[in-house]
Amino acid sequence: MRYGKITGWGKYVPEKVMNNADFAALIDTSDDWIVQRTGIRRRHVAAETDQCSTMATEAGKRALAQAGLAPADLDLIIVATSSPDFMTPPVSSQVQAQLGAHHVGAFTMSVACPGFVYALITANQFIASGALRNILVIGVELITRMLDWEDRNTAVLFGDGAGAVVLQAADEVCGVRSFVMGSDGEGYEHIIHPSGGTACPPTAERLANREGYIKMNGREVFKFASRKMPEAVIEVVHKAGLTLDDLDLLIPHQANARIIEAAAHMAKLPPEKVFMNVHEYGNTSAASVPIAFCEAIEAGRVHRGDVLCMVAFGAGLTWASAVVQMGKDVPGLPERGS
Ligand code: UT7
């Protein structure tokens, strides 16, 4: 049995920041409303020169540098996103070329906000089976270009960014120890980009009807997420043969502070065991969990041997969780108690 050890991590977030006050000047909203209902204070917004592919590549380069690997060492690249540069080609191939990872296999996963967790689980399977040794997993989103800046139900919620990890084959018990993946397509209309695919091609009439932007039934998603996120945490911890007390840190999808707090409460996890950075980035969809993971490490909250739980929910509707154990000798991570 091989284990997928996380040996590298890296994030890229655009420099440009929009504060809540910037929206209050554009639409009928307020800093108070956004902070109280979501916990969001700022979000990072891509510059014109940023693309989904370039942000993913930058995060990927940083993760490779942390792992001490060259692009040529990679066996596979998986990119999770819902906001690729183009519908086709797959953005993963652009990332492969930009990294200079000569002819390595690459594919894109479209599983909305849980996309990174799905991709991590998938990468781990390739390593556990013995098929591959070094895999780069990236979650990236340039979602602000899909937003209707006149729709207060969505405009204030999202931000851009990318996060990446390197998984390497190892003999010690680590990596993804258990996982849960779920979807409920009955709820497909609750978060939808209507004229973003082949069902409703973007005619002038549809675009004038603002169907070229993401639409969301926030209240329905909120109810679903508040129930599903704690369920997915509790289920995946039990699947790993652990108890919630064994968790060192929960790294949840950063969509709304109230959803995260409700999940932590139901899973009986104290605030110090839950990582939150939604105030700084808003909801970066598939990039949210890997950016939070990187920032948890930067904040000294991830140690060698730690048991983490990653969990996310989103459009589809979809959800995923994974218990991830860090390796015992990973450079760049402190010893617990040190
Ligand atoms: O990654 C998955 C993506 N999606 C999510 O995670 C979203 C999950 N849902 C949520 O986070 C919350 O439902 C929202 C933050 C989207 C909304 O919060 P809420 O507490 O559920 O508010 P609500 O939808 O029940 O709306 C309450 C009121 C409404 O006005 P009326 O109908 O009561 O007059 C909204 O029109 O708040 C209004 N509203 C706003 N007011 C000021 C909605 N958006 C805004 C806004 N500023 N930006």
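Every number in this text was worked out from the coordinates using simple rules, so none of it is lab data. This one's a predicted model, so the numbers in the text were calculated from it and none came from an experiment. Heads up, the Cβs are rebuilt from the backbone with ideal geometry, glycines too, and the neighbour counts pull from every protein chain shown.
Helix 218-239 against the longest principal axis of the chain: what's the angle in degrees, Cα atoms only, rounded to the nearest 10?
The two axes meet at around 10 degrees.
Work out the count of Lys pairs in the chain where the Cα-Cα distance is under 25 Å, with the pair 8 or more places apart or on different chains.
For the chain, the number of qualifying lysine pairs is 22.
Using only the Cα atoms of the stretch 177-325, build the gyration tensor, take square roots of its eigenvalues as a ≥ b ≥ c, and label the shape rounded, prolate or oblate: rounded if a/c is under 1.5, else prolate if a/b is larger than b/c, else oblate.
Prolate is the answer for the stretch 177-325, as a/c is 1.5 or above and a/b outweighs b/c.
First select every other residue whose beta carbon is under 12 angstrom from the beta carbon of Gln98; then total the charges, Lys and Arg +1, Asp and Glu -1.
Computed value for this residue: -1.
Using only the Cα atoms, work out Rg/Rh for the stretch 3-172, with Rh taken as the Kirkwood radius, to two decimals.
With Rg and the Kirkwood Rh in hand, the quotient comes to 1.04.
Which of the listed residues, Val237, Gln96, Gly218, is farthest toward the dipole's positive end in the chain, when Lys, Arg count +1 and Asp, Glu count -1 at the beta-carbon?
Result: Val237, furthest along the dipole toward the positive end.
Which value, to two decimals, describes the C-alpha radius of gyration of the stretch 102-172 once divided by 2.2 N^0.38 Å?
Numbers: Rg = 15.9 Å, N = 71, 2.2 N^0.38 = 11.1 Å.
Working it through for the stretch 102-172, the quotient is 1.43.
Given 0.36 nm per residue, what is the gain on full extension from Phe86 to Trp149 after removing their alpha carbon distance, in nm?
20.6 nm
Thr203 to Ala21: extension gain in nm, 0.36 nm per residue of separation minus the Cα-Cα distance?
Additional length available on full extension: 62.1 nm.
Hey, got the dipole for the stretch 1-103? About the Cα centre, +1 on K and R Cβ, -1 on D and E Cβ, debye to the nearest 20?
In total the dipole reaches around 460 debye.
At 25 °C and 0.890 mPa s, grab the translational diffusion coefficient of the chain from Stokes-Einstein with a Kirkwood Rh over Cα pairs, rounded to a whole number in µm² per second.
Reported coefficient: 124 µm²/s.
Just how far, in whole angstrom, is the stretch 284-338 from the stretch 48-75 if you go by their alpha carbon centroids?
18 Å
Within 14 Å, Cβ to Cβ, of Gly130, how many net charges do the neighbouring residues add up to if Lys/Arg are +1 and Asp/Glu are -1?
On the way: positive: Arg2, Arg133; negative: Asp75, Asp171.
Residues close to Gly130 contribute a combined charge of 0.
Given Ala322, Ser129, Thr54, which one lies farthest toward the positive end of the charge dipole of the chain, if we put +1 on the Cβ of every Lys and Arg and -1 on the Cβ of every Asp and Glu?
Ser129
Given Ala312, Ala292, Pro331, which one lies farthest toward the positive end of the charge dipole of the chain, if we put +1 on the Cβ of every Lys and Arg and -1 on the Cβ of every Asp and Glu?
Pro331
Taking DSSP loops as anything outside H, G, I, E and B, show the longest stretch in the chain free of GluC sites (Glu not before Pro) there with at most 12 other beta carbons within 10 Å. Don't skip to the answer; put the middle values down first.
Working: sites that count: Glu15, Glu48, Glu150, Glu172, Glu335.
That would be 173-334.
Quick check for me: using +1 on Lys/Arg Cβ and -1 on Asp/Glu Cβ, what's the dipole size of the stretch 177-325 about its Cα centre, in debye to the nearest 20?
My answer is approximately 140 debye.
Could you pull out the longest piece of the chain with no exposed loop chymotrypsin sites (Phe, Trp or Tyr not before Pro) in it, calling a site exposed if DSSP puts it outside H, G, I, E, B and it has at most 16 other Cβ atoms within 10 Å?
150-338
Note down the net charge around Tyr12, summing +1 for each Lys or Arg and -1 for each Asp or Glu among other residues with Cβ under 12 Å from its Cβ.
Taking every other residue near Tyr12 into account, the sum is -2.
What distance in nm separates the two pseudo spin-label positions at Glu335 and Leu244, each 7 Å out from Cα along the beta-carbon direction?
3.2 nm
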